Structure formats: structure tokens, C-alpha cells
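Written below as C-alpha cells is the structure these notes are about.
Every read-out reported here was derived from the displayed coordinates using simple, explicitly stated rules and does not represent laboratory data. Everything numeric here is computed off the predicted structure, so don't read it as measured data. Heads up, the Cβs are rebuilt from the backbone with ideal geometry, glycines too, and the neighbour counts pull from every protein chain shown.
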Amino acid sequence: MKHKTVDGILDRALMGYDISLAEGLVLLKQTDPEAIAAIRMTADKLRHTQASDTVTYVINRNINFTNICEQHCSFCAFRRDDGDVGAYWLDWAQILEKATDGVRRGATEICMQGGLNPQAKINDKSLPYYLKLVETIKQEFPQVHLHAFSPQEVQFIARVDGLEYADVIAALQDAGVGSMPGTAAEVLDDEVRRVLCPEKIDTATWLEIVSTAHKLGLHTTSTMLSGHIETPEQQIGHLEKLRSLQQTAINQGYPAKITEFIVLPFVGQEAPKPLRRRVGRDQPILNDALLLGAVARIFLGNWIPNHQPSWVKLGLAGAKEALVWGCNDIGGTLMEEHITTMAGAVGGTCMEVETLQMAIASIGRPYQQRDTLYQKV
């Protein structure tokens with residue numbers, strides 16, 4: 001009987017229908033190898049029709065400008081308090097130096113996110129500090145796309161300065177921010193968030209800030225931090241919220257929308273002990289990440305066609321495997337990455353373009369450099 005249900009759901013998906021929450025849950029809960037193989041094949045076929053056989057990548061440079069943070073998320077090994085061993089806060093010259101290095105190495109994108117540092121102010125205001133971060137890079141490299149500041153950072157600036165989210169986003173956009181990383185989503189379920197990141201914005205606020213960005217013409221990405229304490233019900237609920245957010249952007253004719261979806265499997269090696277003990281392992285389970293990625297393609301693909309694994313979290317071999325489970329993009333070169341690396345990830349922090357190209361070619365698929373918004377370079 002089980003197979004009939006799974007086959008029926010997959011047939012509907014292949015006919016182009018959106019599957020329901022309940023159907024997505026059935027797929028996520030499969031343990032039978034044959035059923036999982038059928039899910040993988042369906043995700044791969046949908047990837048082919050929704051996003052083509054070409055695997056894309058972006059040349060980008062990551063700048064995590066500070067790890068000093070007022071919050072204490074239970075999964076985070078990156079954050080420090082001011083004055084802690086290992087705490088850092090880059091100055092303008094260091095930021096410019098990293099940007100210059102990225103551009104010299106062919107980066108079309110600088111991705112910039114950091115801790116919520118209460119001291120990061122100019123004239124006692126938070127927004128001018130963030131604007132100066134943007135201007136430091138954009139004055140020197142106006143052509144570079146700045147993919148910067150998560151919904152959590154937007155809320156932080158708005159709260160510190162007593163501003164509306166829309167005012168913060170518009171100011172960052174005017175200064176030169178080109179798109180918003182859809183991080184800090186973790187799992188869009190407030191029960192999970194109470195354990196994982198009790199001080200972070202709640203689900204409704206994350207969705208509101210991303211939707212506001214779309215209304216204002218700022219494209220975003222979307223992510224899910226998976227494989228810790230969340231249930232399949234909570235995973236599919238997260239995907240459903242992203243799908244309906246994207247449907248709103250498209251159906252309302254907003255000038256921007258979600259460009260991609262990325263599964264970020266939890267790396268626990270250096271995570272704070274209570275959560276690490278609760279999860280009970282240090283590295284992601286590849287098969288779980290692959291199944292979730294496949295179901296995400298089936299559930300979201302009609303609305304969000306670009307799906308990307310995290311080679312930082314899964315390693316290049318795991319990311320390559322994800323390309324036959326529904327992913328069509330292998331992400332970026334990054335050049336430097338601290339947040340996942342400090343959590344004990346094994347994927348490394350820098351990927352040469354040639355290494356990414358060889359990984360893609362090894363599975364017999366063509367590759368293509370893209371920019372942040374998925375235009376060919």
C-alpha cells in the first residue's frame with residue numbers, strides 16, 4: 001500500500017502539480033530504499049525540467065566581519081563576547097583588503113554577514129555603521145554584487161535605532177546592497193526556535209522581513225538548518241512557509257523574489273554542549289540531507305527552481321551527490337568561511353573554480369558560471 005501512495009504523489013509531482021503538506025510529509029518519512037530511490041529519481045527529473053542539466057556556480061568571497069554577538073544560539077560555535085579569546089571585529093582596512101582579494105580572484109559577489117555586535121555603531125546609531133560597511137566596498141568596487149545582511153541583522157538594526165524594517169532595507173539597498181541572504185531561518189517553527197535560538201527573531205518576523213525585501217525589489221535566498229531537533233512535520237512546515245512566501249511575491253507581482261533554496265545540515269562538532277548532546281553526533285548524516293533536498297525540490301521546485309547543497313557542511317563529495325538528488329547549483333568559491341568551520345565542518349573554506357568544475361564534469365553534467373541572481377557570466 002505504501003508504495004502506491006508514494007508512487008501516486010510522485011506521479012502528480014511529475015505532472016507539474018504542487019504536492020500538499022501531507023504528501024510532502026509522506027515522502028520525508030520514507031525509510032524503504034525503493035521508495036527513496038523513486039523520490040531521488042523524481043527530484044532529478046524535476047531538476048532537469050525546472051532548471052536544466054547545466055550545473056551553475058558563482059565566484060564569491062565571504063566576509064564574516066565580526067563574531068562578537070549579543071545572542072546565544074544553541075547551535076553556534078562562531079559567536080564570541082567582546083574580550084573573549086578568539087573574538088574579532090574587522091576594521092575598514094581589513095574589510096577592503098578582503099574585498100580587494102576577492103575581486104582580484106574573479107569574484108562577482110561579496111557575501112557579508114556577521115554577529116550582532118552592540119558596539120557596531122557610528123554616532124550611537126547602528127544603521128550608519130552598516131551603511132559604511134557597504135560603502136567601503138561599493139566605492140572601491142561598484143561592479144561587485146553585495147549579498148549582505150540576513151533578516152536577523154535587519155531586525156537588529158531596526159530595533160537598536162527604532163526604525164521600520166522597510167526603512168532599514170531601503171537604506172541598505174540605496175547604499176548598494178544587491179540581495180539579502182535568507183539565513184537566520186534555521187527552522188521556521190517557533191517551538192524549534194525556542195530551543196535553538198531563543199533570542200532570534202520569530203518565524204513571523206523572518207517571513208515579514210523577507211517579504212518586505214521582495215516588495216522593495218531586493219531578491220533573497222532561502223535556507224533550512226536541518227538535522228538537529230526538528231521533526232519531519234516541522235521540516236515540511238518550513239518548506240510550506242517558503243513556498244507560500246514565494247507564491248505571494250510572484251502572484252502579487254513584487255519586483256523581487258527568492259532566488260534559491262539551500263539545505264544547511266547541522267554540524268555539531270564544536271556546537272555548545274547541551275545541543276550537541278541532544279543531537280548526539282558531530283557531522284551531518286548525508287542520506288538525511290539528500291532525502292530532504294530531494295523532497296524540497298519536489299515541494300518547492302515549481303516556485304523556487306534553483307536548489308543548492310552546502311559543500312562546506314557536506315564536503316565536496318556529498319555536495320556532488322546532491323546534484324543527482326535534485327540540486328542544480330553547487331554554490332560558490334567562498335574563499336573564506338568562519339561560521340560553519342568554527343562549528344567543526346569538514347568541507348573546508350575555499351574551493352577553487354577548477355575544483356568545482358571538475359566535480360560537476362565528473363558526473364557528466366555541463367557547468368556554467370553565474371552571478372548572484374542566476375544570470376550567466
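Quick rundown of the values:
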quantity	calculated
Helical contribution to [θ] at 222 nm, DSSP H n ≥ 4, -39,500 (n - 2.57), averaged over the chain, rounded to 500	-14500 deg cm²/dmol
Residues with amide H under 5 Å from that of residue 55, placed H, sequence gap 5 or more	367, 368
Separation of alpha-carbon centers, segment 326-360 and segment 234-283, rounded to whole Å	19
Nearby aspartates and glutamates by direct alpha-carbon distance to residue 138 (threshold 18 angstrom, same-chain neighbours under 8 apart not counted)	91, 97, 101, 109, 174, 371
Kirkwood hydrodynamic radius (C-alpha pairs) into Stokes-Einstein, the chain, 25 °C and 0.890 mPa s, D in µm²/s	117
Shape of segment 211-369, Cα gyration tensor, a/c cut at 1.5	oblate
Taking all pairs of distinct alpha-carbon atoms in segment 149-189, Kirkwood radius in angstrom	10.7
Computed magnitude of the charge dipole of the chain (debye, nearest 20; Cβ of K, R +1, Cβ of D, E -1)	580
Residues with amide H under 5 Å from that of residue 260, placed H, sequence gap 5 or more	222
Principal axis box of segment 206-288, alpha-carbon based, largest edge first, Å	45, 23, 20
Nitroxide proxy distance, nm - points 7 Å out along Cα→Cβ at residue 215 and residue 124	3.1
Filter on 273/313; 4/29; 98/273 - keep pairs with C-alpha separation over 21 Å	98/273
Segment 1-79: trypsin sites (Lys or Arg not before Pro) in DSSP coil with no more than 16 other Cβ atoms inside 10 Å	29
Straight-distance crosslink candidates among lysines, where the alpha carbon sits under 22 Å from residue 215 and sequence neighbours closer than 8 are dropped	241, 257
